[in-house]
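Step one of this worksheet: look at the structure below.
The values are calculated or read from the model by the stated rules, or taken from the named source; none is laboratory data. From a predicted model like this one, the values you see are computed outputs, not experimental measurements. Note that each Cβ is placed from the backbone with ideal geometry, even for glycine, and that neighbours are counted across all protein chains shown. Accessible surface areas use protein heavy atoms only, side chains included; no ligands, DNA or RNA. Shrake-Rupley method; radii C 1.70, N 1.55, O 1.52, S 1.80 Å.
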Amino acid sequence: MPDRILTPCIFTIFGGTGDLTRRKLIPALYNMSVDGVLPEELAVVCVGRRPYSTCEYRDILLESVTKHSRYPVRTDKWEWLRERIHYYRMDLPESEGYLSLKAWLEELDEKAGTRGNRLFYLAVAPSLFEPIVLNLHRHGMVTNHGSWQRVVIEKPFGRDLKSASYLNSVIESVFPPENVFRIDHYLGKEMLRNLMVIRFGNAVFESIWNSRYIDNIQITAAETDGVENRAGYYESSGALRDMLQSHLLQLLALVAMEPPISLDYKSVRDEKVKFLRSLLKMDDEIFRGHTIRGQYGEALLDGGRIIKAYRQEAGIDPASNTETFIALRILAGNFRWGGMPFYLRTGKRLPKKTTYVVLEFKSMPEILYFKEYKGMQPNLLVVRIQPEEGVSFSFNAKKPGQEFEITTVKMDYCQNCDYENNSPESYERLLADALRNDQTLFASWEEIEASWSFVDSIARSWEKETVSFPNYAPGTWGPPASDELLARYGHHWWNL
Ligand code: BG6
């Protein structure tokens, strides 16, 4: 068991005034302080450009914690964390500031007893990753002598394979690979961690977890929100780079990888990489029409409220061709899954906020008595990732009574019903892991490389096609072509 109390360190967040810091990182630290896992010797330094005093900044953070933390604010716990938080003003790309930042951190280190350990968290626009990392190096802030310095990089990790490789080479020229934590917050979700136990801890599941018994596997990650205030970033990424390259492919890899030889992070990563490399590239002619793109239009709701089209949102190009929805039919060229389709979809402004995986098992042969009885459904194993967390299995049974009628019944395990809907948020888990130097829930460079290589093949195939946007209404499950894609193969989406 790892130590419950984490190692002393200065947690330095570049991007202190950004959304991520306010909505996720500081509330996560607050929850960790309530759980009593943070060390006494801790300092949190938030670096940003805006002219706040530490006092003003702390007050702003209290509002965020009140709004976004899963525990209610307790004065003693907040005061404990508050006095450890500092705001440091500087221009992030400018080299000069790092010299004084370094001196200031060293001074703080003495006072706080943080032993030279630093966790640098880059919660900034991707264009700043390189200058920050190089400046840390130039100013001797990454030494790793008698102390440790680690870096946490937020997504997007590059824009394609080429830019990601370049970024990786810059980062690894400064930080040794074992000190680089590429964060994908989906990997911190409770049910993604549970997937391995469900798969490999149950003989009934693992023995039928292959294309001989499963007809197709579907992954849905739906959101009701639109692009919100992230126009600049989203315009250049779209659903393909924002969701598929990272979260969806990571989730798919956990669903489909081979059993690892152990649960240590290297073995798990090895299996995920092997699976990601086995995905057939989508720019091959045979996959024409297997990738569907969508962009939401405008909607008028009951009561007269208007939902703006993507192209009308603040900061978005009125002729934008950025996709806010994507649906794919994917094949993996390996023994376990050969020929069996994976269907993946994700989008903004869909009917509900939900993420789930459906394993649809093959139907029984239409023989004997079943043929004439209506109501037979394929068995479904559903893994619900969020907002509810749980697993259900549905199967056919006879309805009680004189008649021979078939009905679908369900065995259902609702995990967050049992745990009072308060399981630790991804960021808490991932921050704790980075502090204790556990890479298990972070993506390796090889995984990122393999997923970009696949995503690039989609982007290349799109270059040959024209799109006509907008093509779906807010509150629907994306463009009709998404349903048509599955219908072509005798399937349909399970809208749960
Ligand atoms: C982020 C994406 O990584 O994940 C967002 O950039 C998306 O566009 C978010 O909304 C979804 O995360 P979650 O945990 O709310 O499903």
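Evaluated with a Cβ-only charge set (Lys, Arg +1; Asp, Glu -1), segment 138-236 carries a dipole of roughly 320 debye about its Cα centre, given to the nearest 20. Considered as an equivalent ellipsoid built on the Cα gyration tensor, segment 178-277 has semi-axes of 28, 18, 12 Å, the largest given first. Calculated on C-alpha atoms, the gyration radius of segment 276-315 divided by its Kirkwood radius gives an Rg/Rh of 1.30.
Here each label is just a point 7 Å from Cα along the line to Cβ, and for H137 and T75 those points are 5.0 nm apart. Projection of the Cα convex hull of segment 423-472, averaged over all directions and equal to a quarter of that hull's surface, yields 6.4 nm². Label zone of I60 (point 7 Å out along Cα→Cβ, amide N under 17 Å): in segment 121-143 this covers 123-125. From the Kirkwood radius over Cα pairs of segment 169-221, Stokes-Einstein at 10 °C and 1.306 mPa s returns a whole-number translational diffusion coefficient of 110 µm²/s.
Taking Lys and Arg as +1 and Asp and Glu as -1, the other residues whose beta-carbon sits under 12 Å from that of Y233 total -1.
Charge tally around T324: other residues with Cβ under 14 Å, Lys/Arg +1 each, Asp/Glu -1 each, net -1.
The DSSP beta bridges internal to the chain are antiparallel in roughly 60% of cases. Under 15 Å of direct C-alpha separation, and excluding same-chain neighbours fewer than eight residues apart, K410 reaches these aspartates and glutamates: E360. Sorting 144-156, 391-403, 179-191, 483-495 by average packing, meaning the other beta carbons within 10 Å per residue, from highest down gives 179-191, 144-156, 483-495, 391-403. Note on segment 114-202: Rg/Rh from Cα positions, Kirkwood definition for Rh, rounded to two decimals, is 1.07. The fraction of all Cα pairs in segment 1-150 landing in successive 10 Å bins from 0 to the largest distance is 11, 42, 36, 11, 0, given as whole percents. Across segment 56-96, Cα-Cα pairs farther apart than 13 Å form 61% of the total. Note that segment 260-346 carries a Kirkwood radius of 16.5 Å, evaluated over its alpha carbons pair by pair.
From most to least packed by mean Cβ count within 10 Å, the peptides 211-223, 255-267 give 211-223, 255-267. For segment 395-496, what ratio Rg/Rh do Cα atoms give with a Kirkwood hydrodynamic radius? With Rh from the inverse mean 1/r over Cα pairs, Rg/Rh is 1.12.
Between A314 and E388, the FRET efficiency from the beta-carbon distance, with R0 = 56 Å, is close to 0.95. Leaving out ligands, DNA and RNA, and with a 1.4 Å probe, what % of the accessible surface on segment 373-489 is carbon or sulfur? Whole-percent figure for carbon plus sulfur exposure: 50.
Computed over the chain, the per-residue total of -39500 (n - 2.57) for DSSP H runs of n ≥ 4 gives a 222 nm mean residue ellipticity of -9500 deg cm²/dmol, rounded to 500.
Rolling a 1.4 angstrom probe over the protein heavy atoms with all chains in place gives segment 134-195 an accessible area of 38 Å² per residue. For segment 1-91, the share of accessible area belonging to carbon and sulfur comes to 48 percent (1.4 Å probe, ligands and nucleic acids excluded). Here the accessible area is traced with a 1.4 Å probe on the protein chains. For segment 144-217, carbon and sulfur cover 56 percent of it.
Quick one: of K189/K362; K189/K353; K155/K189; K281/K464; K24/K352; K77/K102, which pairs are farther than 18 Å apart, Cα to Cα? Too far apart for the 18 Å limit: K189/K362; K24/K352; K77/K102. Applying Stokes-Einstein at 25 °C and 0.890 mPa s to the Kirkwood radius of the chain, computed over alpha-carbon pairs, gives a translational diffusion coefficient of 100 µm² s⁻¹.
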